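Worksheet: the structure to be examined is printed underneath.
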Amino acid sequence: MTKKVTKIVAQKRAGRYNIYLDEQYAFPISESVMIKFRVFKGMEVDEQLQAAMIAADDVSKAYTRALDYLSHQLRTEKEVHDKLRDEEIDESVIDATMQQLRELRLLNDQQYADAFVRTAKRTSDKGPRVIRQNLRQKGVGEQLIDDSLAGQFSAEEQIDNASELARKLAKRYHRQAFKTMQQKVRQGMMTKGFDNDTITAAIASLALEPDEDEQWEALVAQGAKLWQRNRKYAFRERMMRTKRSLFQKGFMMDDINRFIDEQVADE
């Protein structure tokens, strides 16, 4: 059954129009859809054409929402898809919208990954493994991630960033036993996503050496707490427990024995 467009009325929202067929309100469409289908007063519209215009308008609305979402920052395909799905847009409409965005080069996961890696290496202390995890969560494919890391985060840059992180961690844990400090620096760098080879090279570049005075002060501070905590035990047991705890914390046995001797002398 064919009907005729008898009225086209602009909505309050810019770029939206209400279409009337045979003097009855029929459906709304966007300006882009109206141009695409060359809608004009007096145009004849059958059911198939009406359905096509409504479907195109659904895509147009989804496209507008996607553009608004993309206007704030770069997004991955998965992020845009999930955003449209969260707004309860039909999957077929989402697919058509995504295809339109790709054709207009408004979605490009490789460009997104490249930008993400560049920003992460410049503004954060994250290593490649954590960066990879972040990109995976955003739906970027493994090969794209590989290409971005290889092209945007060289081995030299990784060592530079890892060295700076190692320096910060060493400063944070400098009151720990030197061995413990080294372990925490390495563990912290692994947590941030650097691999073993990069970590080893970064730590080596700092040439870390224990400060004897600082190490002794740290041992005394921790040892005093342990000595007090173990006071409920018999004297020999108290010494053994304190020694064992300090050794587990990474202090040198010679220093531990010196500390114990001083405690015994003060008793």
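Descriptive notes on the structure:
- The coefficient of translational diffusion for the stretch 127-267, derived via Stokes-Einstein from the alpha carbon Kirkwood radius under 4 °C and 1.567 mPa s, stands at 74 µm²/s.
- Taken about its Cα centre, the chain carries a charge dipole of about 880 debye when Lys and Arg each add +1 at the Cβ and Asp and Glu each add -1 at the Cβ.
- Evaluated over the stretch 199-264, the Cα radius of gyration and Dmax, each in Å: 14.4, 47
- Within the stretch 21-105, the trypsin sites (Lys or Arg not before Pro) that combine a DSSP coil assignment with at most 11 other C-beta atoms in a 10 angstrom radius are Arg38, Lys41, Arg105.
- Debye log10 I(q)/I(0) for the stretch 79-179, one point scatterer per Cα, at q = 0.24 Å⁻¹: -1.19
- The stretch 41-127: Rg to Rh, with Rh as the Kirkwood radius over Cα pairs: 1.16
- For the chain, projected area of the alpha-carbon convex hull averaged over all directions, nm²: 23.0
- Rolling a 1.4 Å probe across the protein heavy atoms gives the chain an accessible surface of 62 Å² per residue.
- Here the accessible area of the chain is 47 percent carbon and sulfur, with a 1.4 angstrom probe and all protein chains present.
- Rg over Rh for the stretch 1-99 works out to 1.04, both radii taken from alpha-carbon positions and Rh defined as the Kirkwood radius.
- MRE, 222 nm, helices only [DSSP H, n ≥ 4, -39500 (n - 2.57), over the chain, to nearest 500]: -21500 deg cm²/dmol
- Note on Thr6 and Lys36: with the Förster distance fixed at 22 Å, the Cβ-Cβ geometry gives a FRET efficiency of about 0.60.
- Each Lys and Arg Cβ is given +1 and each Asp and Glu Cβ -1; about its Cα centre, the stretch 1-103 then shows a dipole of about 540 debye.
The values are calculated or read from the model by the stated rules, or taken from the named source; none is laboratory data. These numbers come from a predicted model, not from an experiment. Counting neighbours? That spans all protein chains shown, and the Cβs are built from the backbone with ideal geometry, glycine included. Accessible surface areas use protein heavy atoms only, side chains included; no ligands, DNA or RNA. Shrake-Rupley method; radii C 1.70, N 1.55, O 1.52, S 1.80 Å.
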